[in-house]
1. Quick check on my filter: what residues within the range 2-36 are within 15 Å of Ile60 (Cα to Cα) and among the hydrophobic types (A, V, I, L, M, F, W, C)?
2. Just to check your reading of the model, which residue among Val52, Val63 is assigned to a strand (DSSP E or B), surrounded by 15 or more Cβ atoms within 10 Å (Cβ to Cβ), over 12 Å from the mean Cα position of the chain (by Cα) and not acidic (Asp, Glu)?
3. Looking at the range 96-130, which of the residues that are surrounded by fewer than 18 Cβ atoms within 10 Å (Cβ to Cβ) and among the aromatic types (Phe, Trp, Tyr) is nearest to Ser31 (Cα to Cα)?
4. Looking at the range 67-95, which of the residues that are among the aliphatic types (A, V, I, L, M) and surrounded by 15 or more Cβ atoms within 10 Å (Cβ to Cβ) is nearest to Ile121 (Cα to Cα)?
5. Against the definition (of a type in the set (Phe, Trp, Tyr) and at pLDDT below 95), how does Tyr93 come out, yes or no?
6. Taking the conditions exactly as written (in contact (Cβ under 8 Å) with a residue 40 or more places away in the chain and under 17 Å from the mean Cα position of the chain (by Cα)), does Ile14 satisfy them or not?
7. Could you say which residue among Leu117, Leu125, Leu41 is of a type in the set (A, V, I, L, M), under 20 Å from Ala8 (Cα atoms) and part of a helix (DSSP H, G or I)?
Amino acid sequence: MSLNDPLANCLSNILNCEKKGKKECLIRPVSKMLISILEILKENKYIGNYEVVNKTGGGIIKVNLLGNINRSGVVKPRFSITKDNYEMFEKRYLPAKGFGLFIVTTSSGVMEYKKALDKGIGGKLVAYCY
């Protein structure tokens, strides 16, 4: 497994384990950004609880799966996003308007796009999930 993009590996690992019908999966390596993205997925009921099992050697996260993810992935290249071009990316990556979520990195941290829009700040588009 190539570790060039740990976030892409994480999301594809979760998706593959869900398609197999597994109840949990292990993700490595651990990073702050990865944990904040998992927290957003947990808040939106795409995954269950998660815990950092091992912090040595990059770390391992154990994620409980709910079977709610149809598709997820990272957006490459990391497009800059504003409120004006949100619909363009929504048409490109999500199946329907208002269905699914985008995860954005902003100057205020990693958050769901709708929260960034409410705060009036733009950012870089990182991942999507529905």
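The values are calculated or read from the model by the stated rules, or taken from the named source; none is laboratory data. Quick caveat: nothing in here was measured; it's all calculated off a predicted structure. Note that we place each Cβ from the backbone using ideal geometry, even for glycine, and neighbour counts take in every protein chain shown.
1. Once the filter is applied, which keeps residues that are within 15 Å of Ile60 (Cα to Cα) and among the hydrophobic types (A, V, I, L, M, F, W, C), the range 2-36 yields Leu3, Leu7, Cys10, Leu11, Ile14, Cys25, Leu26, Ile27, Val30, Met33, Leu34, Ile35.
2. Values: Val52 fails: surrounded by 15 or more Cβ atoms within 10 Å (Cβ to Cβ).
Criteria check complete, one pass: Val63.
3. Step by step, filter the range 96-130, then rank; the result is Tyr130.
4. Of the residues in the range 67-95, the ones among the aliphatic types (A, V, I, L, M) are 69, 74-75, 81, 88, 94.
From what is left, the residues that are surrounded by 15 or more Cβ atoms within 10 Å (Cβ to Cβ) are 69, 74-75, 81, 94.
Values: Ile69: 27, Val74: 21, Val75: 19, Ile81: 9, Leu94: 21 Å.
Filtering first and then ranking leaves Ile81.
5. Working: of a type in the set (Phe, Trp, Tyr): yes; at pLDDT below 95: yes.
In short, yes.
6. Numbers: in contact (Cβ under 8 Å) with a residue 40 or more places away in the chain: yes; under 17 Å from the mean Cα position of the chain (by Cα): yes.
Considered against the rule, which asks whether it is in contact (Cβ under 8 Å) with a residue 40 or more places away in the chain and under 17 Å from the mean Cα position of the chain (by Cα), Ile14 comes out as yes.
7. Details: Leu117 fails: under 20 Å from Ala8 (Cα atoms); Leu125 fails: part of a helix (DSSP H, G or I).
Of Leu117, Leu125, Leu41, the one residue that is of a type in the set (A, V, I, L, M), under 20 Å from Ala8 (Cα atoms) and part of a helix (DSSP H, G or I) is Leu41.
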